[in-house]
Amino acid sequence: MDPPRPHVALLPSAGMGHLIPFSRLAASLSEHCHVTMVSILPTVSAAESRHYTDLFSTYTNIHPLHFQLPPFDSSAYPDADPFFLRWTCIRDSASDIFNHLLTTSRFPISALVTDIAVAGSILPLTKSSGMPCYVLFTSSAAMLSFFKYFPTYRDSNPVSTGDVKIPGLRTVPVASLPRPMHDPGHMFTQLLVQNARSLVKSNGIIVNTIESFEPDSLAWLRGEQSQSQSQSQSQSQSQPGFPPVIAVGPLKPVKIPIFTIPTVLTWLDQQPEKSVVYISFGSRTAMSKEQIRELGLGLEASRCRFVWIIKTSVVDTEDQTELGELLGGGFLERVEDRGFVTSKWVEQEEVLRHMAVGGFVSHCGWNSVTEAAMHGVRVLAWPRLGDQRINADVVARNGLGIWQEDWSWEGEEGIVSATKISHRLKEMMADESLQETAQKVGEATRNAAMPGKGLAELVRKLEEFA
Ligand code: UDP
């Protein structure tokens with residue numbers, strides 16, 4: 001007889017970088033469990049709103065549960081990033097959200113999966129109510145290791161921040177720390193420390209990573225001594241006091257029909273195999289106009305074919321870009337025979353899986369890294385903020401890509417010149433050994449997806465609560 005199906009509720013916070021892995025997890029779990037997904041409204045971006053609509057209409061076995069946030073007075077946080085602000089707002093409404101979930105759910109919930117960004121306020125509620133709760137960590141295992149250790153570091157360094165030496169693993173240089181974390185009083189730092197301290201109250205931490213991609217970080221998180229030991233032990237074996245870490249990667253992409261005419265794919269169909277560089281800095285990273293122009297000149301000088309997704313605002317609804325004006329006189333005309341430039345949303349998975357794509361200039365948001373890994377596409381890492389330098393280090397260490405560490409990111413002076421960009425681009429596209437190692441990463445990643453051991457383990461654990 002089949003085991004009874006658990007009812008799992010998923011609680012994403014805000015931002016496509018969080019919503020996409022949640023949707024992927026929800027879709028995979030819905031093959032084994034009853035799934036409810038909470039959507040917190042209004043969404044911060046139009047992309048999130050569209051994504052929820054498409055997800056719920058395509059995956060009718062994912063049950064939507066909407067929660068309308070009360071108005072939030074943001075005057076105490078002038079200039080705050082709108083996504084950080086939303087995490088704070090969800091934190092403040094956590095008990096209302098949790099009660100809403102308990103009282104309006106169609107039948108009792110066996111377990112909750114909460115977003116790491118709001119874990120610090122959700123885990124005390126699940127713990128005191130006795131509800132099993134897992135955390136979906138939306139970045140790399142390398143970032144999770146840093147995250148786990150950082151409260152200890154903060155306790156012994158309460159007023160200043162330097163290189164963070166994670167005992168037994170590696171040192172994260174201060175230059176690679178998310179910029180707000182240089183300031184112990186910053187709202188992001190405080191939220192992060194609160195979330196990190198709460199992890200011990202969870203039943204487990206789910207990471208969209210692949211065992212072979214981050215063996216050292218995963219072994220460290222699990223308290224294992226070496227890679228050979230880690231292979232002989234259950235993959236989620238925990239360190240005393242720290243919950244099991246389950247590597248479910250790579251999560252399969254959700255198959256949402258593309259309603260817009262896929263012009264970018266039509267354009268790619270006409271390009272030679274592996275000839276195109278895809279340039280995108282994720283869903284919410286805006287580059288300065290000056291840097292955008294320099295990047296454009298670098299692309300032009302490289303003579304590479306390219307697909308370039310441009311974002312000038314953190315939130316898509318504020319993007320009023322007129323590309324011709326932004327890029328300067330005649331740029332679009334000069335590159336029209338070998339460049340596709342847009343400020344619209346493109347389905348990145350579809351682009352990366354296309355055979356014409358041979359390189360990816362990426363900010364190294366973790367979803368982008370896992371997507372590049374899945375398709376074995378070489379990466380030129382250009383982190384812009386947050387966890388991205390820590391992720392870029394994973395990319396470089398694994399032979400998926402190269403990382404020019406001195407290129408500037410948020411809060412640093414300096415524009416990376418067109419000459420440097422063009423040089424690095426040409427180098428990446430000509431580097432056959434990098435292409436080979438990236439393809440090997442692709443094979444290993446796709447092989448990990450086939451048996452889906454991590455996901456099967458998570459389902460087994462969830463079934464215990466049915
Ligand atoms: N994405 C996309 N089209 C775009 C921009 C982003 O499909 O035009 C997707 C991308 O494939 C990834 C997610 O949005 O799954 C962005 O997450 P990531 O962690 O890479 O970066 P973030 O946006 O959180 O900085």
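The values are calculated or read from the model by the stated rules, or taken from the named source; none is laboratory data. Every value quoted in this text rests on a predicted model; they were computed, and no experiment measured them. Here the Cβ positions follow ideal geometry from the backbone for every residue, glycine too, while neighbour counts run over all protein chains shown. To get the accessible areas, we keep the full protein, side chains included, count just its heavy atoms, and leave off ligands, DNA and RNA. Shrake-Rupley method; radii C 1.70, N 1.55, O 1.52, S 1.80 Å.
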Accessible area (Å², 1.4 Å probe, nearest 10) - LEU265: 30
Three semi-axes of the equivalent ellipsoid, region 398-466, Cα gyration tensor, whole Å, largest first: 39, 20, 6
From DSSP H assignment alone, runs of 4+ in the chain each adding -39500 (n - 2.57), the sum over residues rounded to the nearest 500 puts [θ] at 222 nm at -12500 deg cm²/dmol
How big is the chain along each principal axis, measuring the range of its Cα positions in Å and listing the largest first? 62, 52, 46
Expressed as an acute angle from 0 to 90° and rounded to the nearest 10, what is the orientation of the C-alpha long axis of helix 432-449 relative to the principal long axis of the chain? 30
Tell me the accessible surface of ILE292 in square angstrom (1.4 angstrom probe, heavy atoms of protein chains only), to the nearest ten. 0
Neighbour-limited loop hits for chymotrypsin sites (Phe, Trp or Tyr not before Pro), region 30-133 (at most 16 other Cβ within 10 Å; DSSP other than H, G, I, E, B): PHE72
Could you give me D for region 132-171, from Stokes-Einstein at 4 °C and 1.567 mPa s, where the hydrodynamic radius is the Kirkwood radius over C-alpha pairs? Units µm² s⁻¹, please. 113
What whole-number value in Å² describes the accessible area per residue of region 140-179 for a 1.4 Å probe? 40
Beyond 26 Å (Cα-Cα) in this structure, taken from LYS148/LYS453; LYS252/LYS289; LYS311/LYS426; LYS252/LYS461; LYS201/LYS453, we find LYS252/LYS289
Search the structure for amide H atoms under 5 Å from the amide H of MET131, placed 1.01 Å from N in the peptide plane, and list their residues when 5 or more places away or on another chain. none
List the GluC sites (Glu not before Pro) within region 272-378 that DSSP assigns to loop and that have no more than 11 neighbouring Cβ atoms inside 10 Å. GLU273, GLU322, GLU336
To test your reading of the geometry: what angle, between 0 and 90 degrees and rounded to tens, separates the Cα axis of helix 289-302 from the longest principal axis of the chain? 60
Listed by chain and number, the aspartates and glutamates with an alpha carbon less than 18 angstrom from that of LYS420, same-chain partners under 8 positions apart left out, are GLU290, GLU294, GLU300, GLU405, ASP406, GLU412, ASP431
Accessible area of SER49, 1.4 Å probe, to the nearest 10 Å²? 50
Calculated over region 317-429: convex hull of Cα atoms, volume per residue (Å³): 138
Can you give me the angle between helix 388-397 and the longest principal axis of the chain, using Cα atoms only, in degrees from 0 to 90, rounded to the nearest 10? 80
Would you mind telling me the antiparallel percentage of the DSSP bridges in the chain, rounded to 5? 5
How big is region 246-350 on each of its three principal axes, counting only the C-alpha atoms and giving the largest first in Å? 48, 34, 29
Spin-label point model (7 Å from Cα, Cβ direction): what's the ALA301 to THR263 distance in nm? 2.9
Could you please state how large a percent of the accessible area of region 17-117 is carbon and sulfur, counting protein chains only and using a 1.4 Å probe? 54
